[in-house]
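Reviewing the structure listed below.
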Amino acid sequence: MRGRGAPVGPVGKQWGSEGAGGPAGSPVRAGSAGGYRGRVDNRDVIGSWLSGPRAAAEQMGVEFGYRGERLGLPESGPGSIASIGRRVAAVFIDWILCVVIAYGLIAGRDVHLANNWALAVFGAVSLIGLALVGATPGKLIMRLRVVGVDGSRLSPLAALVRTVLLLIVIPAVVWDRDTRGLHDKAAKSVEVRI
C-alpha cells in the first residue's frame, strides 16, 4: 500500500472503495471522485448490429414485405415459401433415409462405410427426386416442393446444379431476404409449400 490512499491498480489507477465512484475493487481515476461516468452501452447501436441490417433498416422505416413477395408468391398457404424449420426437417428425414439405404444395401452393414456412402446416396436421391417430381421423400413428408421461380418444374440441369451446390453445404446456408439459398438462386428455383 502507498501512504494513506487506496491501493494502486494496473496503469496507475487507484482501486476504489464502496462509495468512491463504484463498488469496492472497481477502478477509479486517480484524483477523481467518481470514476468514468460516460455511457458505453448505446442500445440503439448495439441492437442494430446484433439484430442485423434488416432490423436496423426496418427501424428506419424501410418496408421489406413478406418472404416471397418479390417472386409473386402468396404470403401463406400452398405456394408460399417454405419455412426454414420444414426445410431442415425434410433434409434430416432424407439424410436418415440415405444412411439406412447405405447401411443396408451398399456398405454391407458397416457403420463407417455407411456414413461415407450416405452422401452419395443423398445426392442421387435429391437429383432423381427433383428432376422427376420436384421433391425428395423428406420434402414430400413435410409437404414441400421445389419449383422454378416461374412456377415450372425444374429441368434436369437445374436439379443437378441445385444438388451439387446442396452437397457442398455452404451455398445452402447463405440466404437472401426471401430465405432462398445460393443453391436455389443458381438453379433459379424456390422451395414452396404444397
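Would a scan of segment 95-114 turn up a residue that is within 22 Å of residue 186 (Cα to Cα) and out of contact with any helix residue (DSSP H, G or I) (no Cβ under 6 Å at 6 or more places or on another chain)?
Of the residues in segment 95-114, the ones within 22 Å of residue 186 (Cα to Cα) are none.
Among the residues of segment 95-114, not one is within 22 Å of residue 186 (Cα to Cα) and out of contact with any helix residue (DSSP H, G or I) (no Cβ under 6 Å at 6 or more places or on another chain), which makes the answer no.
Can you tell me which residue is surrounded by the most Cβ atoms within 10 Å (Cβ to Cβ) among those in segment 143-172 that are over 15 Å from residue 194 (Cβ atoms) and β-branched (Val, Ile, Thr)?
163
Tell me yes or no: at least one residue of segment 99-108 is closer than 15 Å to residue 82 by Cβ, of a type outside the set (S, T, N, Q) and out of contact with any Phe, Trp or Tyr (no Cβ under 6 Å at 6 or more places or on another chain).
As a first pass, look at segment 99-108 and keep what is closer than 15 Å to residue 82 by Cβ: none.
Among the residues of segment 99-108, not one is closer than 15 Å to residue 82 by Cβ, of a type outside the set (S, T, N, Q) and out of contact with any Phe, Trp or Tyr (no Cβ under 6 Å at 6 or more places or on another chain), which makes the answer no.
Being within 16 Å of residue 152 (Cα to Cα) and touching a residue at least 12 places away in the same chain (Cβ under 8 Å) is the filter here; which residues of segment 70-88 pass it?
Listed by number, the residues that qualify are 71, 73, 78, 79, 80, 81.
Among the helices (runs of 4 or more DSSP H) lying completely within segment 137-194, list those that include at least 1 residues that are touching a Pro at 6+ places or on another chain (Cβ under 9 Å) and touching a residue at least 12 places away in the same chain (Cβ under 8 Å). Explain how you work it out, then say what you get.
Values: elements: 137-141, 156-168, 182-187.
In segment 137-194, the matching helices (runs of 4 or more DSSP H) lie at 156-168, 182-187.
Tell me which of these residue 151 doesn't satisfy, since it passes every other one: (1) closer than 24 Å to residue 79 by Cβ; (2) modelled with pLDDT of 95 or more; (3) not charged (D, E, K, R).
(2)
Show the residue pairs meeting these rules: Cβ distance below 8 Å; 6+ apart or different chains; first residue within segment 117-135 and free of Cβ contacts under 8 Å to residues at least 60 places away in the same chain and closer than 14 Å to residue 168 by Cα; second residue not in a helix (DSSP H, G or I) and not aliphatic (A, V, I, L, M).
Taking only residues 6 or more apart or on different chains, the pairs are 126/136.
Taking segment 89-113 on its own, how many of its residues are touching a Leu at 6+ places or on another chain (Cβ under 7 Å), over 14 Å from residue 144 (Cβ atoms) and touching a residue at least 24 places away in the same chain (Cβ under 8 Å)? Show your work before the answer.
In the first step, residues of segment 89-113 are kept if they are touching a Leu at 6+ places or on another chain (Cβ under 7 Å); the result is 90, 107.
Okay, now just the ones that are also over 14 Å from residue 144 (Cβ atoms), so 107.
Subsequent filtering for residues that are touching a residue at least 24 places away in the same chain (Cβ under 8 Å) retains none.
So the answer is 0.
If a residue must be part of a loop (DSSP other than H, G, I, E, B) and at negative phi, how many such residues does segment 65-79 contain? Reasoning before the result, please.
Of all residues in segment 65-79, those part of a loop (DSSP other than H, G, I, E, B) come to 65-68, 72-79.
Right, trim to at negative phi and you get 66-67, 73-76, 78.
Total meeting the criteria: 7.
The values are calculated or read from the model by the stated rules, or taken from the named source; none is laboratory data. The structure presented is a predicted model; accordingly, all values stated were derived computationally and were not measured. As a convention, Cβ positions derive from the backbone with ideal geometry for all residues, glycine included, and neighbour counts pool all protein chains shown.
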